[in-house]
Amino acid sequence: MPDHSTTLRAARRHRSPARLAAAAGAIAAAVAVWLIARYAAGMHLHTPGFGSAQRPASLAPGFVAVLAAVASLLAWAALALIERTSRRPRRAWIITGIAVLAVSLSAPLSGHGLTGTGRVALVCMHLAVGAVLIPAFALTTRRWRSADDDPAKTGDDTPVQAQRQPADRPAAPGGNR
């Protein structure tokens with residue numbers, strides 16, 4: 001029978017390449033939207049200006065790629081936190097991802113100095129990154145996390161085996177049942 005902690009470590013090693021590929025896909029999706037907007041639609045994209053002192057700045061593909069990479073890494077970090085704390089990490093990730101995506105749409109929808117088509121292009125970039133990251137990261141996340149897999153019990157990533165009371169000895173009050 002394979003060791004449970006070895007199996008979990010191997011599963012983590014297999015999730016990292018898939019998540020890295022998802023991050024690369026999110027970057028490619030954002031840049032693809034920029035390329036379509038720029039060369040197929042002939043638009044010059046700008047960031048929205050917020051406040052009277054800030055003017056809209058030109059949006060280059062390198063800047064789009066860096067922002068998509070930062071968003072991907074932040075999403076990965078949030079997912080790692082969710083996996084450590086939530087009993088249902090896949091569901092929690094999907095809900096969190098959709099909520100953060102909805103909040104992120106406030107940036108292109110607000111501000112000044114953008115045309116309507118510019119706003120649509122920026123919204124499409126946000127949606128493209130979310131459409132890649134949310135399902136890809138969800139597919140690499142376990143549906144359930146058992147209480148035996150709680151790393152907080154030991155302080156490290158190795159899960160603790162459940163301790164059971166023998167059937168002939170009753171459990172102490174407040175103990176394992």
Quick one: R142 ticks every box in (1) at pLDDT 95 or above; (2) not in a helix (DSSP H, G or I) except a single one, so which number is it? (1)
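This table checks each residue for (1) touching a helix residue (DSSP H, G or I) at 6+ places or on another chain (Cβ under 7 Å); (2) within 24 Å of L133 (Cβ to Cβ).
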residue	(1), (2)
A28	no, yes
W34	yes, yes
A37	yes, yes
H44	no, no
P48	yes, yes
S52	no, no
P56	no, no
F63	no, yes
L67	no, yes
Within segment 126-139, the count of residues that are under 17 Å from L81 (Cα atoms), more than 8 Å from the chain's Cα centre (by Cα) and surrounded by 21 or more Cβ atoms within 10 Å (Cβ to Cβ) comes to 0
Filter segment 34-87 down to the residues that are outside any helix (DSSP H, G or I), touching a residue at least 12 places away in the same chain (Cβ under 8 Å), under 23 Å from S106 (Cβ atoms) and of a type in the set (S, T, Y) and list them by number. T47, S58
Look at T96 and say whether it is among the β-branched types (V, I, T), surrounded by fewer than 14 Cβ atoms within 10 Å (Cβ to Cβ) and farther than 25 Å from L45 by Cβ. no
Within segment 18-25, can one find any residue that is surrounded by fewer than 19 Cβ atoms within 10 Å (Cβ to Cβ), assigned to a loop (DSSP other than H, G, I, E, B), modelled with pLDDT under 95 and of a type in the set (A, V, I, L, M, F, W, C)? no
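The values are calculated or read from the model by the stated rules, or taken from the named source; none is laboratory data. All figures in this text were calculated on a predicted structure; none of them were measured in a lab. All Cβ positions, even for glycine, are placed from backbone atoms using ideal geometry, and neighbour counts span all protein chains on display.
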